[in-house]
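Any read-out appearing in this document is the output of simple, stated calculations on the displayed coordinates, not a laboratory observation. Small disclaimer: the values here were computed from a predicted structure and weren't measured. Here the Cβ positions follow ideal geometry from the backbone for every residue, glycine too, while neighbour counts run over all protein chains shown.
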Amino acid sequence: MDAEEARSDPIPEFAPGDDDSAPLSDLMRQQLIEDLHIARTGFGFADDTGEIRFVMPSSRPDIRDGAGEVSAEAFVRSPACGDEVRVQLAVQDGLITRFNWQGHGCVVSTASASALAGMAIGLDVVEFAALAVKFSESVWRGIAPDSDLGDAAVFAGIGRIPLRGRCATLSWNATADALAQISPDAAA
């Protein structure tokens, strides 16, 4: 008997482009969240010289080195668990051109920030507001996520555990707060 036959519960194969409407198993969801946590996409801030500080080696340069001076910054802390996130954004002509974050907390809060960083650059501030509503409905109501959420779709239904739902939405709330400083339409 080889190793493949010895496995009692085979791990389902999933590749992008497969039936995107197929629900993720809990095991797959946990692995995707862990992968986002490890990636730390967008983690780190630029100092006065433009150098990124505190960047994890796995961060993607195309995300963290976005264009533009920081237009707004917001800090959010969860009083329930102590997770914290600070986001910095640059917005030019109504588009998010830079998204960086720093914070500490559980795997869910850091993975959610990483997923958001991977999709934020290039979004119109009004588009972000609509996407944030979809994300919130997906997290809290378990509404099936649509393809617009990208990697963030993995958090669908996590709000059934309220503390996890707050962690998943932490970076999204900070981003909405930062965008509200720039554009009232983004606060919707």
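Fully extended, how many nm does the chain gain between residue 80 and residue 163 (0.36 nm per residue separation, minus their Cα-Cα distance)?
Extra length from residue 80 to residue 163 when fully extended: 29.1 nm.
Looking only at Cα atoms, what is the convex hull volume of region 122-164 per residue, in Å³?
Hull volume normalised by residue count: 69 Å³.
Give, in nm to one decimal, the length gained when the segment between residue 133 and residue 92 is fully stretched (0.36 nm per residue of separation minus the Cα-Cα distance). Could you put the intermediate results ahead of the total?
Working: separation 41, 0.36 × 41 = 14.76 nm, distance 2.25 nm.
Stretched fully, the residue 133-residue 92 segment lengthens by 12.5 nm.
Sorting 167, 81 on the 10 Å Cβ count, fewest up front, what's the list? Walk me through the intermediate numbers first.
On the way: 167 28, 81 16.
By the 10 Å Cβ count, ascending, the order reads 81, 167.
Provide 89, 95 in ascending order of the number of other Cβ atoms located within 10 Å of each residue's Cβ, fewest first.
Ascending Cβ contact count within 10 Å gives the list 95, 89.
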